[in-house]
Amino acid sequence: MSLSAPVRPLACIKQAIRQCRIELQQTRRYAVPATEAEYPSLQTRYPPPTPGFRPSQAIKQNRFETGLKKIPVVPPPRSTTKACPDPISILTNKQISVLDPTGARTRLFSPANPERVQPGDILVVRLRTGDPVSGTVLNIRQRHQPIDTAILLRNQLTRVGVEVWFKVYSPNVEGIEVVQRAVKRARRAKLYYMRQPRHDVGSVEGVVKQYLRQRSGGPLGSREANTGRKTGSKKGRK
Amino acid sequence: MFRLDRINIVFSTSRTHNATQIRTHTPQSTARFLCPSVPRSFTRTIRTIQPTPRTRTDRFNHGAGLPILGASKTAAFLRKEAMLPLRTGALAIKKGMTAIYDPTTAKRTAYTVLQLDRCQVTGHKRRDAHGYWAVQIGCGTIEARNVSRAERGNYAAQGVPLKRHVAEFRVKDAAGLPELGSIVTADLFQEGQYVDARADSRGMGFAGGMKRWGWSGQPASHGKSLSHRVMGSSGASQGSGSRVHPGKRMAGRMGGEQQTVQCLKVLRVDKENGIVVVHGAVPGPKKGIVKLQDAIKKPWPQVELSVGVSKMGSTAEALESTI
């Protein structure tokens with residue numbers, strides 16, 4: 001110890017305690033099995049278990065037909081169910097890769113996508129044959145096989161309620177566009193209450209027409225600014 | 001044997017000229033009275049009908065153009081000759097259903113996915129020993145401890161592995177019997193061919209009349225008391241025997257029986273994974289065992305009998321070498 005270092009009165013005690021603790025830990029004693037000399041009657045007459053022994057090996061039901069003639073068993077061939085346990089998903093994925101090569105359609109309905117289609121949105125569906133169909137999404141039906149995903153669109157054409165189902169992966173469906181997202185998240189998955197006049201959105205032709213006009217390079221005004229606006233309100237109109 | 005009572009005895013002998021009264025006797029005695037010394041065979045006249053020899057098959061309709069019906073085993077085989085498939089079938093597991101869209105017409109076709117798992121020939125039925133030709137196919141596997149020693153001995157005697165499910169497929173003749181232990185793979189069936197699918201349908205439990213027989217029930221309102229789905233009446237009364245006819249359709253256990261769906265088109269075949277895709281629906285639930293064989297109402301597929309059937313040998317090596 002150098003004279004330059006300050007001497008602390010309790011430092012030695014601390015050191016001493018630490019040393020004691022270390023010695024105790026080193027000399028700590030565990031329970032030792034009784035040796036033969038101490039308790040001869042308690043000693044086992046069989047050797048200790050070999051490493052890797054499992055008690056289930058000694059259970060009686062694992063002994064199979066002791067004393068009987070062994071009947072040879074031919075080993076089974078390769079199992080296809082183990083090699084390919086889920087052939088249906090392989091087939092459907094192959095189908096989907098053909099029908100939706102870019103994956104855009106799948107992403108539009110994928111639960112992981114925050115921008116997915118949700119009940120209450122207004123959609124326009126362009127068909128390969130026929131006029132585009134638009135409407136409010138009442139139901140997105142997703143079965144066990146994703147290839148059969150379907151949407152139900154409700155619209156009012158000249159005051160007549162019209163509902164149409166579309167299989168989203170059908171080759172007849174050229175494109176699905178979201179015209180307007182729902183203002184508030186619907187608290188239901190199936191919005192069949194919208195069939196009642198009280199909750200019916202009505203005709204979406206106006207909204208769709210506006211959207212299409214803007215998409216094709218129409219007059220000023222973005223789609224987002226018009227979302228949530230009540231009809232007839234002049235507030236905030238540019 | 002000709003019949004005396006139908007005969008008009010018209011003959012002339014010297015004796016009858018004086019016979020004016022003939023007492024009413026039995027026909028035989030009359031004939032004997034009139035001509036005691038003449039043997040009976042001579043009492044035949046032009047009015048007798050030649051007896052026709054009657055054979056066993058005359059019980060049935062027979063004539064030109066009609067098939068000759070018989071009750072022998074050979075006759076049975078001849079009757080079934082056109083309907084028995086030329087080759088064996090396979091056992092498959094029903095994995096489920098999905099759909100396919102045609103890219104050009106956008107038509108949706110539903111199909112069932114079936115998977116062949118460790119299908120192997122585990123036995124033969126021969127005409128000389130069992131009376132008919134059939135192939136016994138086994139599929140799946142089972143632990144040896146769960147199979148009785150008798151069955152295990154049988155499998156060992158045939159030299160085939162233990163199988164969970166076993167079924168027979170009748171074939172037309174010995175040529176349709178593959179070698180014992182042969183592994184049956186999915187390419188037994190060709191894309192575009194037709195198959196018959198047999199499986200136990202889904203059990204519906206104790207089903208009522210409306211579900212089981214399609215009865216329409218009774219009105220839901222207008223005073224109907226406690227009888228909306230009941231049978232109503234079980235038949236006519238006194239005129240029909242004051243009883244319920246045997247076989248009267250009633251509520252009872254429905255489903256869980258073998259059903260056959262014929263002429264299902266095979267859309268896709270994957271040999272490596274043992275997948276066979278058939279058009280339409282197949283009886284039974286998912287994971288059920290389905291018996292597939294060539295459709296009897298369609299022309300037989302033009303393939304060799306060795307297609308889809310490979311030798312067992314050392315099982316793993318044999319299968320990998322054929323894939």
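Solvent-accessible area per residue for region B:159-270 at a 1.4 Å probe radius, Å²?
Working: 6570 Å² over 112 residues.
It amounts to 59 Å² per residue over region B:159-270.
Excluding ligands, DNA and RNA and using a 1.4 Å probe, chains B and A jointly bury around 3200 Å² of accessible surface, summed across both partners. Between region A:134-210 and region B:129-191, the C-alpha centres lie 54 angstrom from each other. Sites listed here are GluC sites (Glu not before Pro) in region B:148-233 whose DSSP assignment is loop and whose Cβ has at most 14 other Cβ atoms within 10 Å: B:Glu179, B:Glu191. Over all projection directions, the Cα-based convex hull of region B:171-295 averages an area of 13.6 nm².
Applying 1/(1 + (r/R0)^6) with R0 = 22 Å to the Cβ-Cβ distance of A:Glu65 and B:Asn154 gives a FRET efficiency near 0.85.
Hey, what does the equivalent ellipsoid look like for region A:88-226, semi-axes from the Cα gyration tensor as sqrt of 5 times each eigenvalue, largest first, whole Å?
Value: 25, 18, 15 Å, ordered largest first.
Roll a 1.4 Å probe over the protein chains and send me the accessible area per residue for region A:88-226 in Å².
On the way: 8210 Å² over 139 residues.
Value for region A:88-226: 59 Å² per residue.
Using the Cβ-Cβ distance between B:Thr74 and A:Val98 with R0 = 41 Å, the FRET efficiency computed as 1/(1 + (r/R0)^6) comes to roughly 0.15.
The values are calculated or read from the model by the stated rules, or taken from the named source; none is laboratory data. Since the structure is predicted, the reported quantities are computational estimates derived from the model, not experimental observations. Using ideal geometry, Cβ is built from the backbone for each residue, glycine included, and neighbour counts are taken over all protein chains shown. Calculation scope for accessible area: heavy atoms of the full protein, side chains included, ligands and nucleic acids excluded. Shrake-Rupley method; radii C 1.70, N 1.55, O 1.52, S 1.80 Å.
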